[in-house]
Amino acid sequence: MVVFAILAIASTGAHAAPAQPIPGAAEDEEAPQAHKAGDVSEGCHKGYYWTIEDWFTGNESYRVYCNPASCGACEGGWKPLNVKTYLYWDRQNSCSLTVSATIQEAISDGSGCPRPGRLVATSEAIVVGPYSPAGLWGVTVPMPPETPVLSGPFFATLTFHDTCEEPPSLVANAGPCLACASWVNRGGGWEQLCGDAFPGNLSVRTSLQCQGVSPVDESSWTTVKGKYRPGGE
């Protein structure tokens, strides 16, 4: 039996049509595990299950909360390689979109939802599409090679700088939609998507590469100890 999740009319003014399951949909599958330097894992909301029609307008930003700890242990920390989302077209299109990504630290101050903190990295804007044939397509935005290693939770944001005449459907994971995890900004401030009855969190994933631990320079440490030991010069 196919179950449809009926969405409410969004407070942002967009009309949300009934969500529909994607044929051959995938839920989050990777379990946390220990990683070594060079391993790549995917964090955030990895699964794709629902399509949400009549929501995407372009000229808007989508933000999700990510915790690298969900990928498992990595002694040297995780470095973001890219930010990826999924878009779904019911029919073949001639649509191209300009999109960029940012990574920001997530700060918990006890006031409720985590909030964005320091800007960690910003990608270049890239043009994606058109996509053919119709169906589910991944939109991947590379992050700069110099993106620093993350020490804790972060926000990944995708900004669509333009729109097109054949807008796609947004894609969400199987659910449930968790509070404080998925957001949209159409120019009037950030609003939670779960508050608009999304069946699952927005499908946005970040590829993270496990980093190694920098070796300690033993000779330098010996010099420091010698200089500051009692009676040292």
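Each reported figure results from applying straightforward, stated rules to the coordinates on display, with no laboratory input. Please read all numbers here as calculations on a predicted model, not as lab measurements. Positions of Cβ are backbone-derived with ideal geometry, glycine not excepted, and every protein chain shown enters the neighbour counts.
Based on alpha-carbon centroids, what's the gap between region 74-115 and region 131-161 in Å, whole number please?
The two parts, judged by their Cα centres, are 5 Å apart.
What's the exposure ranking of Ser169, Ser96, going from fewest to most Cβ atoms within 10 Å?
Values: Ser169 22, Ser96 12.
Ranking Ser169, Ser96 by Cβ neighbours within 10 Å, fewest first, gives Ser96, Ser169.
With 10 angstrom as the radius, rank Arg205, Arg115 by how many other C-beta atoms surround their C-beta, starting from the fewest.
Details: Arg205 25, Arg115 15.
If I rank by nearby Cβ atoms, fewest first, I get Arg115, Arg205.
Suppose R0 equals 41 Å. What FRET efficiency, 1/(1 + (r/R0)^6) with r the Cβ-Cβ distance, do Leu119 and Asp90 give to the nearest 0.05? Let's see the in-between values first.
Numbers: r = 36 Å, r/R0 = 0.88.
Result of the calculation: an efficiency of 0.70.
Determine, for each peptide in 60-66, 149-155, 87-93, 118-124, the mean count of other beta carbons within 10 angstrom over its residues, then list the peptides with the highest first. Show your work: numbers first, answer last.
Values: 60-66: 21.6, 149-155: 18.9, 87-93: 17.3, 118-124: 14.9.
In decreasing order of mean packing, 60-66, 149-155, 87-93, 118-124 become 60-66, 149-155, 87-93, 118-124.
Using Cβ counts within 10 Å as a stand-in for footprinting exposure, how do Val171, Val40, Val213, Val128 rank, fewest first? Don't jump to the answer; show the numbers that get you there.
Details: Val171 27, Val40 13, Val213 10, Val128 17.
Ordered by Cβ neighbours within 10 Å, fewest first: Val213, Val40, Val128, Val171.
Amide H of Ala106: which non-local residues (sequence gap of 5 or more, or other chain) have their own amide H closer than 5 Å, using H built in the peptide plane?
Amide H to amide H, under 5 Å and 5 or more residues apart or across chains, Ala106 pairs with Gly117, Phe154, Phe155.
Over region 20-228, how many percent of alpha carbon pairs lie in each 5 Å bin up to the one with the longest distance?
1, 7, 14, 18, 18, 15, 10, 6, 3, 2, 2, 2, 1, 0, 0
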